[in-house]
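The block underneath contains the structure these notes are about, expressed in structure tokens.
The values are calculated or read from the model by the stated rules, or taken from the named source; none is laboratory data. The structure presented is a predicted model; accordingly, all values stated were derived computationally and were not measured. Counting neighbours? That spans all protein chains shown, and the Cβs are built from the backbone with ideal geometry, glycine included. Protein only, heavy atoms only, side chains kept; ligands, DNA and RNA dropped before computing areas. Shrake-Rupley method; radii C 1.70, N 1.55, O 1.52, S 1.80 Å.
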Amino acid sequence: MNRFDAIICDNDGCLTAEDTSPFDLAALSRIAEHNAIAARDRDRPVLTLCSGRPIPFVEAMCRLLANDVLPAIAENGVWIYDPRTNAMELDPRINTEHLEAVHEMERWIAADFEPKGVDIQPGKRASVSLWHADTEYLRTTVCDTIRDRAEREAWPFRVSMTWFYINCDLNFITKGTAIERLIERDGLDRTRLAGIGDTPSDVAIAERVAWFGCPANASPEIRERADYVASKPEAQGVLELLNVIDAMSVAGE
Ligand SMILES: [Mg+2]
């Protein structure tokens with residue numbers, strides 16, 4: 001009867017705002033209600049996270065959204081967090097040398113950029129995220145300097161800019177590689193997965209699910225990939241997409 005078994009959902013710009021605005025608790029509570037019913041009655045797909053956020057944030061969101069049955073993805077694919085057991089699984093391909101490169105890069109950034117007001121986001125293990133009050137400074141100066149240095153040092157990183165952060169991710173780790181791990185690990189069927197995202201990095205989700213939706217605030221590049229774009233932004237949009245997904249199950253599509 002269910003069309004889907006799981007919904008893989010990005011966090012920033014989907015469940016929460018990109019900036020530091022408060023949670024839309026009314027909308028998130030309704031998503032939690034959906035998840036609680038999904039876990040109890042198995043009549044609808046559970047929504048889980050696939051996020052660039054550090055693992056403690058993702059763990060907290062699993063609790064908030066009443067997802068205690070399906071693993072979530074954190075730190076842009078570095079981690080799978082299993083809320084059933086509290087297990088935190090680092091991608092097994094990440095070795096000591098990779099972690100050394102992360103530390104080396106962090107030391108250099110701390111020395112050169114922290115005095116200029118760049119913050120290294122705490123709580124990440126195998127990636128580095130940087131923030132500055134002046135996003136333009138990050139975008140125009142810091143990002144290129146880091147990219148050049150990573151190339152010179154042969155550090156294995158992909159350096160990219162999000163709305164407010166520079167992300168330095170190991171070049172063989174993406175949200176997509178973690179979704180592949182999750183599918184394999186939990187025996188999921190990709191033809192029975194739905195996904196939600198709002199920026200081009202969520203193409204990694206769109207490529208691995210049978211149905212993909214966007215909230216109204218999604219960027220044009222990712223909207224092109226969507227089967228459905230909600231009329232409302234962020235968590236309100238995700239709620240709207242849950243209704244569309246549930247209606248597809250009822251209709252037997
Ligand atoms: Mg996002």
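Pop out the Kirkwood hydrodynamic radius of the stretch 96-170 from its pairwise C-alpha distances, inverse of mean 1/r, in Å to one decimal.
On the way: mean 1/r = 0.0822 Å⁻¹.
Roughly 12.2 Å, rounded to one decimal.
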Accessible area expressed per residue, the stretch 127-253, with surrounding protein chains retained (probe 1.4 Å, Å²): 45 Å²
Kyte-Doolittle at least 0.5, axis length at least 20 Å by Cα - qualifying DSSP helices, the chain: 234-251
3J(HN,Hα) from dihedral phi, the stretch 215-227, Karplus parametrisation 6.51/-1.76/1.60, rounded to Hz, x for glycine, proline: x, 4, 7, 4, 6, x, 4, 8, 4, 4, 8, 7, 7
FRET efficiency estimate (nearest 0.05) - Cβ-Cβ, residue 23 to residue 84, R0 22 angstrom: 0.35
Over the chain: helical MRE at 222 nm, DSSP H runs n ≥ 4 each giving -39500 (n - 2.57), nearest 500: -11500 deg cm²/dmol
Cα-centred dipole magnitude for the chain, charges only on beta-carbon of K, R (+1) and D, E (-1), debye, nearest 20: 440 debye
Among 154, 60, 101: highest mean-square fluctuation, GNM of the chain, C-alpha pairs under 10 Å: 154
Surface/4 estimate of mean projected area, convex hull on alpha-carbon atoms of the chain, nm²: 13.2 nm²
Per-residue SASA entry for residue 88, accessible area with 1.4 Å probe, Å² rounded to 10: 90 Å²
Most mobile listed residue (168, 214, 143) in the chain, GNM with C-alpha springs under 10 Å: 143
Share of carbon and sulfur in the accessible heavy-atom surface of the chain [1.4 Å probe, %]: 51 percent
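Roughly what % of DSSP beta bridges within the chain run antiparallel, to the nearest 5?
Details: 19 of 34 bridges.
That works out to approximately 55 percent antiparallel.
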The chain: most fluctuating residue of 22, 156, 122 per GNM, C-alpha cutoff 10 Å: 22
For the chain: relative contact order, % (alpha-carbon pairs under 8 angstrom, 6 or more apart): 21 percent
Total formal charge among the other residues, if their Cβ is under 11 angstrom from that of residue 239, Lys/Arg +1 and Asp/Glu -1: -3
Signed unit charges on C-beta, dipole axis of the chain, positive-most listed residue 176, 103, 146: 176
